[in-house]
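J.: The following block contains the structure, expressed as structure tokens.
Just so it is clear, none of the values below were taken in a lab; they were calculated from the coordinates. Since this is a predicted model, take the numbers as computed values, not measurements. Reconstructed Cβ throughout: ideal geometry from the backbone, glycine too, with neighbour counts over all protein chains shown.
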Amino acid sequence: MSAEEAKAEEWVAPGEAAPAGAAEPDAASERILNQDEIDSLLGFGGAEEDSDDRSGVRAIINSALVSYERLPMLEIVFDRMVRMMTTSLRNLTSDNVEVSLDQITSIRFGDYLSSIPLPAVIAVFRAEQLDNFGLVTVDSNLIYSIIDVLLGGRRSNAGVRVEGRPYTTIERSIVTRMIEVVLGDLKTAFQPLTAVDCHLERIETNPRFAAIARPANAAIVVKLRIDMDDRGGRLELLLPYATLEPIRKMLLQQFMGEKFGRDNIWESHLADELWQTKIEVRAVLDTITAPLKDVLGLKVGQTLMLNAGPEAPVTVACGPTALTRGRVGRIGHAVAVRIEESIAGAAKKAMLARARGGG
């Protein structure tokens with residue numbers, strides 16, 4: 001066998017006959033990769049999806065999406081909200097209402113809008129202190145369930161028929177009332193961390209008109225399940241990460257009981273350091289008010305006339321804050337100020353004076 005024939009036989013697959021001609025190496029070099037090999041190269045293999053260490057294109061895509069698990073306090077806030085919603089919705093419907101937290105996930109805002117099942121009611125609300133918006137989505141089953149409960153409908157195991165028609169004014173008003181209750185509970189849930197006033201801006205039924213962020217922006221979706229005996233549905237709360245950015249440091253705290261991140265050891269250490277901190281105090285003999293042109297015209301050697309006499313009290317201040325009062329004297333060759341009032345007493349008098357002036 002010649003060297004050329006041996007080289008051609010190396011490219012023949014097992015169980016296949018070698019075709020005539022010497023084009024075997026070229027045909028093998030143009031072999032098309034199958035889907036499993038492509039997925040393996042790009043990092044989309046099944047074994048890699050199950051493992052925590054992801055690589056390839058999938059790792060690049062997921063690296064841009066922040067996980068809500070990096071904000072430990074956020075789950076505590078939503079858990080408080082669920083407990084308060086159970087009570088508030090029971091008071092609203094006078095029925096046995098159970099609210100459960102199904103899932104908290106991170107998602108792209110555009111993907112969320114595409115996943116909203118229609119028909120639905122989408123409420124756009126504004127978080128005043130955070131200067132941004134959020135969404136509350138109520139599915140059709142919950143809409144008809146809350147309408148049925150508030151209007152005195154009978155309990156039935158039959159499924160609610162979803163009609164392909166717009167919601168009436170009465171239906172929108174009833175759902176708006178429930179959404180306002182939910183936003184009130186959301187405000188109360190954030191209260192231990194910071195004040196967040198949530199005001200309902202508008203009600204939409206088309207997701208295209210509820211765009212409060214760019215499609216690529218990351219957001220947090222909280223999925224709640226509301227059951228009223230044999231009726232109920234789902235309610236979803238969406239908060240873009242841009243909305244939570246002003247309070248991100250607060251949400252990074254670790255929850256310890258009802259202290260919300262309070263650390264007694266750190267507090268005592270801070271108190272000790274504050275006692276040893278050096279500050280600069282000034283003895284203010286008197287203050288005068290002059291026009292700006294006179295101040296700009298001051299010259300070296302010019303004398304400023306003060307209204308304070310030799311025995312006038314001197315104010316001891318730290319920056320713009322007056323601490324106490326004293327008298328000027330001398331100790332040896334140094335000018336001294338003898339303190340005549342305690343700092344606590346001076347602060348109390350200053351507060352009373354401001355109160356009288358405001359009244």
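J.: Efficiency by 1/(1 + (r/R0)^6): what FRET value for Thr169 and Leu101, r their Cβ-Cβ distance, R0 = 30 Å, to the nearest 0.05? Working shown, then result.
T.: Numbers: r = 32 Å, r/R0 = 1.06.
It comes out at approximately 0.40.
J.: Once amide H atoms are built 1.01 Å from N in the peptide plane, which residues 5 or more positions from Val121, or in another chain, come under 5 Å H to H?
T.: The list, which skips near neighbours in sequence, is Val138.
J.: Oh, and also: Would you mind giving the three semi-axes, in whole Å and largest first, of the ellipsoid equivalent to the range 68-251 according to its Cα gyration tensor?
T.: Working: eigenvalues 140, 71, 41 Å².
So the three semi-axes of the range 68-251 are 26, 19, 14 Å.
J.: Can you tell me the Rg and the Dmax, both Å, for the Cα atoms in the range 76-124?
T.: Looking at the range 76-124, its Cα Rg and Dmax stand at 13.9, 37 Å.
J.: Pairs Lys278/Lys349; Lys249/Lys278; Lys299/Lys349; Lys187/Lys349: which exceed 31 Å Cα-Cα?
T.: On the way: Lys278/Lys349 25 Å; Lys249/Lys278 29 Å; Lys299/Lys349 38 Å; Lys187/Lys349 38 Å.
Violating the 31 Å Cα-Cα cut-off are Lys299/Lys349; Lys187/Lys349.
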